[in-house]
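The structure under discussion appears below in the form of structure tokens.
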2 protein chains.
Amino acid sequence: MTTTMTPSNITAPTRLVEVANQTYAYRRFGNGSGSPLLCLQHFTGTLDNWDPAVTDPLASAREVILFDNAGIGRSTGTVPESVAGMATHALAFLDGLGIERCDVLGFSLGGMVAQQMVLDRPSVFRRMILVATAPRGGEDIMHLEKPKLSRYFNDPGLQSYAILQKIFFAPTASSQAAGEAFVARLGQRTGDLDPRSGPQVAAAQIAAFREWEQYTGERFADLKHISQPALVVNGVHDEMIPVRNSFWLAEHLPNAMLLTYPDAGHGSLFQWHDSFQHHVSEFLASNSPFAPY
Amino acid sequence: MTTTMTPSNITAPTRLVEVANQTYAYRRFGNGSGSPLLCLQHFTGTLDNWDPAVTDPLASAREVILFDNAGIGRSTGTVPESVAGMATHALAFLDGLGIERCDVLGFSLGGMVAQQMVLDRPSVFRRMILVATAPRGGEDIMHLEKPKLSRYFNDPGLQSYAILQKIFFAPTASSQAAGEAFVARLGQRTGDLDPRSGPQVAAAQIAAFREWEQYTGERFADLKHISQPALVVNGVHDEMIPVRNSFWLAEHLPNAMLLTYPDAGHGSLFQWHDSFQHHVSEFLASNSPFAPY
């Protein structure tokens, strides 16, 4: 298998790296003078869930690194039941690749892992993008049992990626059309696919969400210790992790800009991919110590 | 008096236009192929309160039009005690200039007037920027009597623009330094100045804020009728019109993006002027029917 001419998640080969007793699966593509961008994935998502309309433009100016955490896709081990456990694996993965400095883009669960990684080892991270996620102590994080979400999870007609169109996009014709296009883009990759996540993956990740909702002491106090420039992004109609969690991130991170998208839910980055990759590109191109770009 | 070579609010002459029995003062400078940008000012602010670091870069691609509403600066008449009354004057002013289509940037009180103008005569407006403002039915709008603000208004040592450094900027060393730079920029204009607003102006505008906090029927329902692409901007530490009002705008306007700035208060546009004018320029350069840029 050879690297393709145009860096893309449609064609990038899946690679494996061994660290201690663990094997991690990843894809790494793109080039340019920018810091590598580690991308951390959502609930049950694998390498195949990264939209090429988001990853590929970003890969034109830097290496994009997609990562399967422990127990996901072709990574070995078991899925941790805490965000902290996932952050430990992701840091070990970076060590395995010999990456000492990078940017990080965390989507949903991945955004929680990103926050924890930055707290655990701040020197590694230059800039961070937190999409559709929540701070520790956030509210209404991935409560799939609530009626607005369970109706989709309990619908046997929604198989495979079809459920993503429902849960990542707003219930408007325009957002649903964007969801359909997103699903079609994911379908462009047809070989070298990750195995899908099963119910044990989901159960462990849900346990991690429940733990992440807990806090002791002053609420959101951890965020004061994240000095990296941050870009916080969400759709205003996110039912999975409501946008007020992004508001809290923007209010309590000392160095964050917030960007919200209209007519969009959890998957605003996929719906408004042209705008999203443009803003992320400008944000990452900045070498200012401050988030505004 | 002649128009200067470089379009700037430091040097642009104040002009007068007669409409019916009213005279409105304004400045108009800049050029380019963009729609004219009408700028609507904050509580007690005059033409002299527009920061050249914001207006001048925007004037490189369009005409920027600064406007004194009735009873402000050298405009005749009395200050209306409602936002609706101010919107009527501002629309009459546009009629007086013969402007049938434009963009609008409303800051604070000016953002409320902008919303009302767009509701009253939607065909005039192409795109809108709402900075540090609130929807009708918003909360905690310009309550100058609350301790966090009254300590500045009751301080006899804070004269002239010095109070703006306190009330428009966050109480951090970095934000206060930005405030000092802002005040210095305002001081660059030394001639052809507007008379300062007196207590009668303030009282009428405060009455308008109190009226704007009221609503009947479904809260924020008016916003559904604003289909123009909107860019909503605020600092997360705004004490004058707290950022949650901007959150509501972003959640209820059907076609709005929200951008928030860290370490900044009411005057985030002046503190982060390079970023602000960049985002506004990109937003206004778009001809998409959708807000994302």
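The values are calculated or read from the model by the stated rules, or taken from the named source; none is laboratory data. Note that this is a predicted model, so its numbers are computed, not measured. A quick note on method: Cβ atoms are made from the backbone with ideal geometry, for glycine too, and the neighbour counts reach across all protein chains shown. Protein only, heavy atoms only, side chains kept; ligands, DNA and RNA dropped before computing areas. Shrake-Rupley method; radii C 1.70, N 1.55, O 1.52, S 1.80 Å.
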Which aspartates and glutamates does A:Lys146 reach when only Cα atoms under 12 Å apart count, and residues fewer than 8 places away in its own chain are ignored? A:Glu239
Tell me, what is the 1.4 Å probe accessible area of A:Met257, in Å² to the nearest 10? 0 Å²
With a sphere of radius 12 Å drawn around the Cβ of B:Ser174, what net charge do the other residues whose Cβ falls strictly inside it have (Lys, Arg +1; Asp, Glu -1)? -2
Taking the Cα centre of the range B:1-83 as origin, work out the dipole magnitude from +1 charges on Lys and Arg Cβ and -1 charges on Asp and Glu Cβ, in debye rounded to 20. 180 debye
Please give the per residue accessible area of the protein assembly as shown, computed with a probe of 1.4 Å over protein heavy atoms only, in Å². 37 Å²
Relative contact order, percent, the range A:142-207 [alpha-carbon distance under 8 Å, six or more residues apart]: 21 percent
How much net charge surrounds A:Arg15 when only the other residues with a Cβ under 13 Å from the Cβ of A:Arg15 are counted, with Lys and Arg +1 and Asp and Glu -1? -2
Of the options B:Ser35, B:Ala25, B:Ala59, report the single residue whose Cα projects farthest towards the positive end of the charge dipole of the range B:1-64 (beta-carbon charges: Lys, Arg +1; Asp, Glu -1). B:Ser35
Going by amide H atoms built from the backbone, whose H comes under 5 Å of the H on B:Tyr261, apart from near neighbours? B:Asn234, B:Gly235, B:Val236
Could you work out the relative contact order of the range B:109-240, using alpha carbon pairs under 8 angstrom and six or more residues apart, expressed as a whole percent? 46 percent
Quick check for me: using +1 on Lys/Arg Cβ and -1 on Asp/Glu Cβ, what's the dipole size of the range A:90-161 about its Cα centre, in debye to the nearest 20? 160 debye
How many Cβ atoms of partner chains, on average, are near each residue of A:230-240 if near means within 10 Å of its Cβ? 1
Within the protein assembly as shown, helix-based [θ] at 222 nm, where runs of 4 or more DSSP H residues each add -39,500 (n - 2.57), nearest 500: -10000 deg cm²/dmol
For the range B:116-175, whose charge dipole is built from +1 on Lys and Arg Cβ atoms and -1 on Asp and Glu Cβ atoms, the candidate among B:Val124, B:Ser174, B:Pro147 with its Cα farthest towards the positive end is B:Val124
Taking all protein chains in place and a 1.4 Å probe, what share, in percent, of the accessible surface of the range B:1-155 do carbon and sulfur account for? 51 percent
Total formal charge among the other residues, if their Cβ is under 12 angstrom from that of A:Ala90, Lys/Arg +1 and Asp/Glu -1: -2
What does the charge dipole of chain B about its Cα centre add up to, to the nearest 20 debye, if the Cβ of each Lys and Arg holds +1 and the Cβ of each Asp and Glu holds -1? 180 debye
Tell me the relative contact order for chain B as a rounded percent, counting alpha carbon contacts under 8 Å between residues six or more apart. 20 percent
The B/A contact buries a total accessible area, at probe radius 1.4 Å and rounded to the nearest 100 Å², of 2000 Å²
Checking the table A:Lys166/A:Lys224; A:Lys224/B:Lys166; A:Lys224/B:Lys224 against a 27 Å threshold on Cα-Cα, which pairs fail? A:Lys166/A:Lys224; A:Lys224/B:Lys224
Residues with amide H under 5 Å of A:Ala256's amide H, sequence separation 5 or more or different chain, H placed in the peptide plane at 1.01 Å from N; which? A:Ala230
Which helices, counted as full DSSP H runs in chain A, have an axial Cα extent of no less than 18 Å and a Kyte-Doolittle average of 0.0 or above? A:83-97, A:173-186, A:199-212
Check which residues have an amide H placed less than 5 Å from B:Leu105's amide H, if you skip close sequence neighbours. B:Leu38, B:Cys39, B:Leu40, B:Ile129
Among B:Arg121, B:Arg74, B:Arg101, the residue with the largest mean-square fluctuation in a Gaussian network model of chain B built from Cα contacts under 10 Å is B:Arg121
How big is the shadow of the Cα convex hull of the range B:199-285, averaged over all directions, in nm²? 6.9 nm²
Whole-Hz couplings from phi, Karplus 6.51/-1.76/1.60, listed for the range B:218-235; x for Gly and Pro: 6, 5, 6, 5, 3, 5, 4, 8, 9, 9, 4, x, 10, 10, 9, 9, 7, x
In nm, what does the list of distances from A:Thr78 to its counterparts in the other copies look like, shortest first, when each label sits 7 Å along Cα to Cβ? 7.7
Ascending list, in nanometres, of distances separating the B:Glu18 label from those of the other copies (7 Å, Cα toward Cβ): 9.1
